[in-house]
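The values are calculated or read from the model by the stated rules, or taken from the named source; none is laboratory data. It should be emphasised that the depicted structure is a prediction, and the values quoted were computed from it without experimental measurement. Cβ atoms come from the backbone with ideal geometry, glycine included; neighbour counts cover every protein chain shown.
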Amino acid sequence: MPDRAALAAPASARRVTVRVSTCWAFLVWLTAIVVTPAAAQPDTVFLEELTWTELRAAVQAGKTTVIVPIGGTEQNGPHLALGKHNVRVRALTERIARRLGNALVAPVIAYVPEGGLHPPTAHMRFPGTITVPEDVLQRTLESAAQSFKLHGFRNIAFLGDHGSTQAVQQTAAARLNREWQTGRVRAHAVPEYYRAATEEFRELLKTRGYRAEDIGLHAGLLDTSLMLAVAPSLVRPYAPRDTDRLPGVGTGADGDPSRASAELGRLGVDLVVTRTVEAIQTATNHR
């Protein structure tokens, strides 16, 4: 049955009620299509965690720098996981991208030159290490950069956590920039990242009283401290057994990991992030 009060109301009052209801419904609809997408944009700098529409929106909003983190899968002694470089470079590039404010982070490149196969040399003598030829890495970097250029990025920054990739990054960036010299897109090899994580952090540790032989060159105090700061679950207690040594090679670690700490690692993290952010800003502001 119709509501008697509603039927008794004047026709003009009923028209006002209908208009108010219609306007309210329109405002609700407009809020849904205008506000919701912005609120739903995920809080991440990792390209692989975005949909293609979210990525497009991010680039259009000004995130036109993409960081290409280069890791490596290799032995790191009996106390550090094989993915040390991959996990570390992902954690550090996230901090770098957030500090920059206009950058996203590409998926980590996990396969890099690690030594020969026949016979096995360098880290390839230890189980779990994966190697690729230098030209394979170079072509991978160049193809990835071409892809990022196609999708609207203007600055492609190569950040390598491994020593074997530094020269390849420089070669790839130089070749891309020769090809793109008449355009506005540039590739950047950023050696400041690796320099800060190795040479500069080593000198900083020396000022704290640590000896060079304790700091080490691979999987020692320096490397282990950085991992304790960014991914402690990948660090094992350092107490090598006889079976943890390969004949004529050793444990794969150089230095004294037992003196490492997360506190020292955080000093290194801050150093790497600060130096790298400054280097990328300089490179992209003075092209």
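Determine, yes or no, whether V68 is surrounded by 21 or more Cβ atoms within 10 Å (Cβ to Cβ), in contact with an Asp or Glu (Cβ under 6 Å, 6 or more places away or on another chain), at pLDDT 95 or above and not in a loop (DSSP other than H, G, I, E, B). If you could, list the steps in order and put the result at the bottom.
Numbers: surrounded by 21 or more Cβ atoms within 10 Å (Cβ to Cβ): yes; in contact with an Asp or Glu (Cβ under 6 Å, 6 or more places away or on another chain): no; at pLDDT 95 or above: yes; not in a loop (DSSP other than H, G, I, E, B): yes.
So V68 fails the test.
Inside the stretch 107-130, can you point out the residues that are surrounded by 12 or more Cβ atoms within 10 Å (Cβ to Cβ) and touching a helix residue (DSSP H, G or I) at 6+ places or on another chain (Cβ under 8 Å)? Talk me through it step by step, then tell me what you get.
Step one: list which residues in the stretch 107-130 are surrounded by 12 or more Cβ atoms within 10 Å (Cβ to Cβ), which gives 107-116, 120-126, 128-130.
P107, V108, I109, A110, Y111, V112, P113, E114, G115, G116, T129, listed by residue number.
Can you find even one residue in the stretch 229-249 that is at pLDDT below 95, among the hydroxyl-bearing types (S, T, Y) and surrounded by fewer than 16 Cβ atoms within 10 Å (Cβ to Cβ)? Working first, answer last.
Taking the stretch 229-249 and keeping what is at pLDDT below 95, we get 237-249.
Subset that is among the hydroxyl-bearing types (S, T, Y): 238, 243.
Checking the rest, the ones that are also surrounded by fewer than 16 Cβ atoms within 10 Å (Cβ to Cβ) come to 243.
Yes, the stretch 229-249 contains a residue that is at pLDDT below 95, among the hydroxyl-bearing types (S, T, Y) and surrounded by fewer than 16 Cβ atoms within 10 Å (Cβ to Cβ).
Criterion first (surrounded by fewer than 17 Cβ atoms within 10 Å (Cβ to Cβ) and under 28 Å from L221 (Cα atoms)) does P133 satisfy it? Working first, answer last.
Numbers: surrounded by fewer than 17 Cβ atoms within 10 Å (Cβ to Cβ): yes; under 28 Å from L221 (Cα atoms): no.
Judged against the criteria, P133 is not a match.
Applying the selection to the stretch 231-245, what residues are part of a helix (DSSP H, G or I) and farther than 17 Å from N86 by Cα? Full working, then the answer.
Restricting attention to the stretch 231-245, the residues satisfying the condition of being part of a helix (DSSP H, G or I) are 232-234, 242-244.
Result: D242, T243, D244.
Taking the stretch 182-230, which residues are part of a helix (DSSP H, G or I), more than 21 Å from the chain's Cα centre (by Cα) and either at positive phi or among the basic types (K, R) (or both)?
Across the stretch 182-230, the qualifying residues are R202, K206.
Suppose we filter the stretch 187-206 for residues that are among the aliphatic types (A, V, I, L, M) and over 15 Å from V68 (Cβ atoms); how many remain? Show your work before the answer.
Initially, the stretch 187-206 is screened for residues among the aliphatic types (A, V, I, L, M), giving 187, 189-190, 196-197, 204-205.
If we keep only those that are over 15 Å from V68 (Cβ atoms) as well, we get 196-197, 204-205.
Count: 4.
Taking the stretch 54-90 on its own, how many of its residues are more than 19 Å from A189 (Cα to Cα) and aliphatic (A, V, I, L, M)?
9
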